[in-house]
Amino acid sequence: MQLRILSILGEALNFGGRRMATIMRVSWLAVVLLLIVDMASVYASLSVIAGRVITFAEVGSFLSAQKLLARYAAQGWGAHGGHMAAIAGVSLLVQVILISTFMAPLIRWAGLGERPGPGSVRLPFGPDQLRFLISSLFSALFVGVIILLPIMTTSFFTLKYIVAAMSQTMASFPDADSLHTIKLITAEEGLVQRGAEWVFGFAVPLAAAAPFVLLTWLVTFFHFSPRNRPNATGKPNWVLRAVATFGVVAVIFGAAVVLLRAPVMQVLKSASAAGGAADLTGAPVNVILFIVTAGFLLVTYINLRLYPYPGIAVCRRSLGLGGTLRLSRGWNIVRMPIILLAVAGFFFILQIIINSLFLSTLIPQVINLLYQAVLVSTKLVNSGVGADWVLPLFIWIWNGIKILANVFWAFFSYGVIAGLYGRLYRDSESIEGVN
């Protein structure tokens, strides 16, 4: 069964828009608490970095606090890694618990038509919420233990061996006519002198990443086997499939290397500045880049296969995978990221419209006109002197509008995600029925 991209997108967006009143009723308390937890984690992290308690009075605004944290985060993780990890872990756990309180009933409404219970002050946590929590964390733990941990371990030891090999000394004879002019140089310097620096700069990094690239190719090869493509016709040709999948993986790997180079370089630069990469100084950057890229492809594949799992677990009221893996069989593994990228693209465009057009242009102009009108009115009744309360009032109104805009955006976003999970659950049930 093929995933119908436009139908799924339309239903997810429709659920987030048309069910806004119920979404607000079910989730407003949890969303407010999420904002408070987010603010608390930012100020707690700043306090750890500064070595003293940072209060709201010391930082002009929450936006300023976020900018400060982004600037000094690497320093904080380098000097106080344990405390920063504890804050991040507790914050993440609390946020996931709060999200589960309203996402579980919304997913069941989208997938089964089961309306959430009555009441405007809701913060339930029961079996459905626990299933959503476990299924959401399962993907992260599975990817971390099965994929990321082996990759990180292999990367660490590979880099150590490469650095050790490159730092080995060897004898060099600057004067070819005399054996008495001996100079000790490193293996890296010797390769540079011979014009063969590509050995450590490209060949060795590619060889280090080769097992992960090969694993990615094998996963792709078996994923597109005829048994995973029910509509496949003709006699299976494993040679053609091997060549085609290898070519596709090679192209995707090359494109991912280009796209990830800048972010990886930035992370390494920040880690080096914080003293976190001291033991790996001198390692060729391409080793890290190639291994990270191969790991990224594997993690992306696993995440795509497991993405529908929280919705299926909540609607089935079972932690069994059910039709999770069948939902992304064959070419559906390509349709799944198209759906997710389309949702992300819609969110991105809508945010640009809201922030650039409404919050930056139209609404400020309207508020400014109202402010001028009220100010003139107070001058008419106060002998030409404007009232002192006018400016603070409109500043509060403007800040309130911005806060409400972000809160309503959160309602809509969570509604769309719940609608997407619900639709994917129904599609998984259809696939189960066919099989």
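No lab work stands behind these numbers, since they all come straight from the coordinates. This one's a predicted model, so the numbers in the text were calculated from it and none came from an experiment. Backbone-built Cβ (ideal geometry, glycine too); neighbour counts: all protein chains shown.
Sorted from fewest to most neighbouring beta carbons within 10 Å, what does the list 128, 38, 388 look like?
Listed from fewest to most nearby Cβ atoms, that is 388, 38, 128.
Quick check: pseudo-label points 7 Å beyond the Cα along Cα→Cβ at residue 73 and residue 408, how many nm apart are they?
The two pseudo-label positions are separated by 3.0 nm.
Which stretch or stretches of segment 32-50 have amide N atoms under 19 Å from the point lying 7 Å from residue 90's Cα along the Cα→Cβ direction?
Residues 33-50 fall inside that zone.
Order of 389, 109 from fewest to most other C-beta atoms within 10 Å?
Working: 389 10, 109 21.
In increasing order of surrounding Cβ atoms, one gets 389, 109.
Report the local net charge at residue 19: Lys and Arg +1, Asp and Glu -1, summed over other residues whose C-beta lies under 12 Å from its C-beta. Provide the component values of the computation, followed by the final result.
Numbers: positive: 18, 25, 115; negative: 11.
With Lys, Arg at +1 and Asp, Glu at -1, the neighbours total +2.
If you keep only loop residues by DSSP, which trypsin sites (Lys or Arg not before Pro) in segment 1-77 have at most 10 other Cβ atoms within 10 Å of their Cβ?
Of the trypsin sites (Lys or Arg not before Pro), the ones in loops of segment 1-77 whose Cβ has at most 10 other Cβ atoms within 10 Å are 52.
Using 0.36 nm times the number of residues separating residue 240 and residue 365, minus their current alpha carbon distance, what extension gain do you get?
Full-extension gain reported as 38.8 nm.
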